[in-house]
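Asks: First the structure, then my questions, so here it is.
The values are calculated or read from the model by the stated rules, or taken from the named source; none is laboratory data. Because the structure is predicted, anything quoted here is derived from the model rather than measured. Cβ sites come from the backbone with ideal geometry, for glycine too, and all protein chains shown count toward neighbours. Just so you know, the surface numbers come from the protein's heavy atoms only, side chains and all, with ligands and any DNA or RNA stripped out. Shrake-Rupley method; radii C 1.70, N 1.55, O 1.52, S 1.80 Å.
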Amino acid sequence: MREQLLFIDGEWVTPESGRFGEKVNPSTGEVSGRFALATRKEADEAIDAAYAAQRKWEALTSVERSKYIYRLIQEIEKDRASLESLLIEEVGKPRKEAAQEVEGVIDQLQYYAEFARKITGDVVEGTKRERLILQLKVPYGVVLAITPWNFPAAMVARKVGPALVGGNTVVLKPSSDTPFTAGWLVEKARRAGFPAGVVNLATGKGSEIGDYLTSHKKVSLITLTGETGTGVQVMKSASSIMAKLILELGGKAPFIVWKDADLELAAKVLMWAKYWNAGQSCIAAERLYIHQDVYDRFLQLFLEKTRRLRLGPNGDMGPLINGQQLSKVNKFVEDTVTEGGKVLYGGRKPDSPGNGFFYMPTIISNVDQGMRIFREEVFGPVIGAMKVPDDFDQVIDLANDSDYGLASYLFTRDSALVLKAAQEIKFGELYTNMPGPEASQGYHTGFRMSGQAGENSRYGVEEYVKVKNVYLDYSKDPTSGEVIPPYS
Ligand code: NAD
């Protein structure tokens with residue numbers, strides 16, 4: 001049985017309350033360990049430690065800070081097989097996907113470490129010849145990083161990497177479904193020699209300590225990846241402290257297959273876009289819009305490929321993360337059938353393997369824009385398909401007609417349509433004739449209720465630093481010509 005403690009000011013700490021939460025292995029349905037439930041007192045201690053450590057951390061140059069990140073990368077690389085195994089155990093990822101996530105962690109950390117030399121401010125002219133304004137890029141201070149369970153290692157790297165390079169210190173609050181992955185990474189940071197207090201870990205339930213952490217006056221920036229509802233709650237709570245917010249929230253990606261598309265390619269990419277991480281991805285295809293001329297042919301192709309999927313960590317698709325998620329996904333299918341959808345494949349728990357939270361890959365046809373399955377995020381291996389007419393403008397309107405605006409997909413051989421979509425689609429990401437996921441050098445950002453600000457790329461790193469202005473005047477009389485009382 002695994003046990004995850006808190007990490008505060010450079011030490012592993014047992015929760016004073018003695019309270020632990022249970023973690024269930026999603027592939028077996030059995031308890032695999034327990035994790036500390038931080039109290040408000042421990043939340044305070046973690047934030048205080050980060051606050052106290054920040055001044056010295058900021059005093060290092062960004063290149064000096066990046067050296068710690070390079071050491072962290074070395075620690076991860078030395079032991080990457082154990083992180084892969086942990087992701088398989090904790091989330092139920094197929095081995096290939098676990099290995100891909102570990103690679104993504106390293107790639108992102110490398111990107112941020114390399115970026116250290118590129119955090120540059122500006123010197124701009126002042127209001128007179130002998131005046132200059134230094135625009136310095138400075139850290140916010142203490143960053144609260146709240147992470148989800150679906151990519152529990154990559155999401156930590158994506159937040160902690162730029163926060164640290166930028167000179168901030170961190171309190172990490174991972175999902176209760178994936179406390180061990182977060183703990184594993186924090187232990188590697190400890191081994192990499194980060195000074196005490198620079199990285200802290202407060203495991204616990206968002207519903208118990210979330211509001212407390214997100215309204216704590218010593219927190220200056222909150223970066224959350226999670227559901228849109230959680231983002232709304234965090235925004236409300238953080239309004240009392242005016243914290244800067246980076247919110248990476250839910251998605252409802254449209255996947256458009258036009259009449260001239262390479263159908264084989266589109267079907268292959270959809271296998272990834274729908275079944276990667278069992279559909280539990282913010283960029284997962286969630287709305288399938290298929291041109292009327294190729295509707296039946298494309299669904300047939302996709303169905304044939306879907307039938308070949310093998311479930312289980314040694315197969316192609318893992319389980320859902322927990323029982324609640326399983327019920328939620330199944331309810332989507334039931335509601336869609338009630339609303340007139342037709343299940344072409346799946347639509348239930350599989351006969352095997354075992355007692356885990358597996359759900360069959362599921363394809364539903366006869367879906368339309370008004371149905372719940374096209375409005376709300378499913379977050380599972382279920383997709384609805386809608387037949388669309390030969391009117392590209394109308395399809396772009398359908399795609400844009402969503403509360404969410406994170407990822408979108410378009411398959412067509414017509415470059416004019418690709419360019420039209422590039423200009424008219426209102427999503428943070430458009431993948432054209434190719435699979436994702438997003439790259440470290442691309443800016444991951446959502447429109448509408450998918451969030452605000454963003455991560456990765458130059459723009460993403462710059463979210464973690466603020467611009468401070470220093471006014472300089474080297475003239476003999478800086479007051480000359482200024483409006484300064486007394487006037488008479
Ligand atoms: P979630 O919102 O349930 O939880 C995310 C984190 O927020 C967890 O650590 C949780 O403990 C914490 N939390 C919950 N309530 C809180 C509160 N009131 N205050 C502070 N923290 C609180 O999300 P999840 O189920 O872990 O993850 C799945 C969701 O994440 C999906 O909606 C998915 O689309 C989204 N997601 C988005 C991106 C992106 O980049 N946009 C990436 C991955 C996942």
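Asks: Do any trypsin sites (Lys or Arg not before Pro) in the range 427-484 lie in a DSSP loop with no more than 13 other beta carbon atoms within 10 Å, and if so, which?
Replies: Values: sites: Arg448, Arg458, Lys466, Lys468, Lys476; in loops: Lys476.
Qualifying residues, ordered by number: Lys476.
Asks: Just the number: Rg to Rh for the range 72-204, Cα atoms, Kirkwood Rh, two decimals. It would help to have the intermediate numbers written out before the result.
Replies: Working: Rg = 17.8 Å, Rh = 16.0 Å.
On the Cα set of the range 72-204, Rg over Rh gives 1.11.
Asks: Looking only at the range 380-413, which residues have a backbone nitrogen under 12 Å from a spot 7 Å from the Cα of Asn433 in the C-beta direction?
Replies: Residues 410-413 fall inside that zone.
Asks: If you count the DSSP beta bridges with both ends in the range 1-91, what percent of them are antiparallel, to the nearest 5? Mind dumping the intermediate values first?
Replies: On the way: 8 of 11 bridges.
Here the share of antiparallel DSSP bridges comes out near 75 percent.
Asks: For Arg191, Arg129, give the ranking by accessible area with the largest first, probe 1.4 Å.
Replies: Details: Arg191 130, Arg129 200 Å².
From most exposed to least exposed: Arg129, Arg191.
Asks: Here is a follow-up. Could you report the accessible area of Lys137 in Å², rounded to 10, computed with a 1.4 Å probe on the protein chains as they sit in the structure?
Replies: Lys137 has an accessible surface of roughly 60 Å² with all protein chains in place.
Asks: In square angstrom, what is the accessible area per residue of the range 357-488 with a 1.4 angstrom probe? Before the final figure, lay out the partial values.
Replies: On the way: 6270 Å² over 132 residues.
Value returned for the range 357-488: 48 Å² of accessible area per residue.
Asks: Once amide H atoms are placed 1.01 Å from N in the peptide plane, what residues at a sequence separation of 5 or more from Gln4, or on another chain, have their amide H within under 5 Å of its amide H?
Replies: Arg34, Phe35, Ala36
Asks: For the range 388-484, which chymotrypsin sites (Phe, Trp or Tyr not before Pro) are both in a DSSP coil and crowded by at most 15 other Cβ atoms within 10 Å? All intermediate terms of the calculation are to be shown ahead of the outcome.
Replies: Details: sites: Phe392, Tyr404, Tyr409, Phe411, Phe427, Tyr431, Tyr443, Phe447, Tyr459, Tyr464, Tyr471, Tyr474; in loops: Phe427, Tyr443, Tyr464, Tyr474.
When the chymotrypsin sites (Phe, Trp or Tyr not before Pro) of the range 388-484 are filtered for loop state and at most 15 Cβ neighbours within 10 Å, Tyr474 remain.
Asks: Still on this structure, I have one more. Largest first, what is the accessible-area ranking of Val160, Val123 with a 1.4 Å probe? Please report the intermediate quantities before stating the final value.
Replies: On the way: Val160 20, Val123 95 Å².
In descending accessible area the options line up as Val123, Val160.
Asks: Taking the chain as the reference, fit the longest principal axis to its C-alpha atoms, fit the long axis of helix 80-91 to the helix C-alpha atoms, and give the angle between the two in degrees, 0 to 90, nearest 10.
Replies: So the inclination is approximately 60 degrees.
Asks: I'd like the orientation of helix 323-338 relative to the chain: the angle between its Cα long axis and the longest Cα principal axis, in ° from 0 to 90, rounded to 10.
Replies: Orientation of helix 323-338: about 50 degrees from the principal axis.
Asks: Hey, another quick one. Relative contact order for the chain using alpha-carbon pairs under 8 Å, separation at least 6, rounded to a whole percent? Intermediate results must be reported in sequence, preceding the final value.
Replies: Numbers: 1084 pairs, mean separation 89.5, N = 488.
18 percent.
Asks: Measure off 7 Å from each Cα along the Cα-to-Cβ vector at Gln74 and Val123, then give the distance between these two points in nanometres to one decimal.
Replies: Going by the 7 Å Cα→Cβ label model, 3.6 nm.
Asks: Under a 5 Å amide H to amide H cut-off, with H placed in plane at 1.01 Å, what residues pair with Ile246 once short-range neighbours are removed?
Replies: Ile222, Thr223, Leu224
Asks: Based on the Cβ-Cβ distance from Ala81 to Tyr487, what FRET efficiency comes out when R0 is 60 Å, to the nearest 0.05? Each step should come with its number before you reach the end.
Replies: Numbers: r = 76 Å, r/R0 = 1.26.
Once rounded, the FRET efficiency stands at 0.20.
Asks: Quick one: what does P(r) look like for the chain with 10 Å bins over all Cα pairs, in whole %?
Replies: P(r) over the chain, rounded to whole percents: 4, 19, 27, 24, 15, 7, 3, 1, 0, 0.
Asks: If you build the convex hull over the alpha carbons only and average its shadow over all orientations, what do you get for the range 363-488? Give it in nm² to one decimal. Walk me through the numbers on the way to the answer.
Replies: Working: hull surface 61.3 nm².
Result: 15.3 nm².
Asks: The range 211-275: which GluC sites (Glu not before Pro) are DSSP loop and have at most 13 other beta-carbon atoms within 10 angstrom?
Replies: Details: sites: Glu227, Glu248, Glu264; in loops: Glu227.
For GluC sites (Glu not before Pro) across the range 211-275 that sit outside H, G, I, E and B with at most 13 neighbouring Cβ atoms in 10 Å, the list is empty.
Asks: Now for a separate question. Calculate, in nm to one decimal, what Asp391 and Val470 gain on full extension: separation in residues at 0.36 nm each, minus their alpha carbon distance. Mind showing how you got there, number by number?
Replies: Numbers: separation 79, 0.36 × 79 = 28.44 nm, distance 5.46 nm.
Gain in length upon complete extension: 23.0 nm.
Asks: When the chain is fully extended, how far beyond the present Cα-Cα distance does Ser239 get from Arg19, taking 0.36 nm per residue of separation?
Replies: Between Ser239 and Arg19, full extension yields an extra 76.2 nm.
Asks: Additional query: Once neighbouring chains are kept in place and the probe is 1.4 Å, which whole percent of the accessible area of the range 341-481 is contributed by carbon and sulfur?
Replies: Values: 3240 of 6480 Å².
That share works out to 50 percent.
Asks: So which of Lys159/Lys218; Lys41/Lys188; Lys173/Lys236; Lys244/Lys468; Lys56/Lys218; Lys93/Lys274 end up more than 22 Å apart by C-alpha?
Replies: Pairs exceeding the cut-off: Lys41/Lys188.
Asks: To test your reading of the geometry: what angle, between 0 and 90 degrees and rounded to tens, separates the Cα axis of helix 295-307 from the longest principal axis of the chain?
Replies: 80 degrees
Asks: Okay, moving on. Taking the full set of protein chains and a 1.4 angstrom probe, give the accessible area of Thr147 in square angstrom, rounded to the nearest 10.
Replies: The value for Thr147 is about 10 Å².
Asks: What's the extension gain from Leu134 to Lys67 if we count 0.36 nm per residue and subtract their Cα-Cα distance?
Replies: Values: separation 67, 0.36 × 67 = 24.12 nm, distance 2.66 nm.
Length gained, Leu134 through Lys67: 21.5 nm.
Asks: Can you tally the net charge around Asn322? Count Lys and Arg as +1, Asp and Glu as -1, for every other residue whose Cβ sits under 15 Å from the Cβ of Asn322.
Replies: Details: positive: Lys23, Lys93, Lys205, Lys328, Lys331, Lys349; negative: Glu22, Glu30, Glu89, Glu90, Asp177, Glu227.
Spelling it out: positives minus negatives among the neighbours equals 0.
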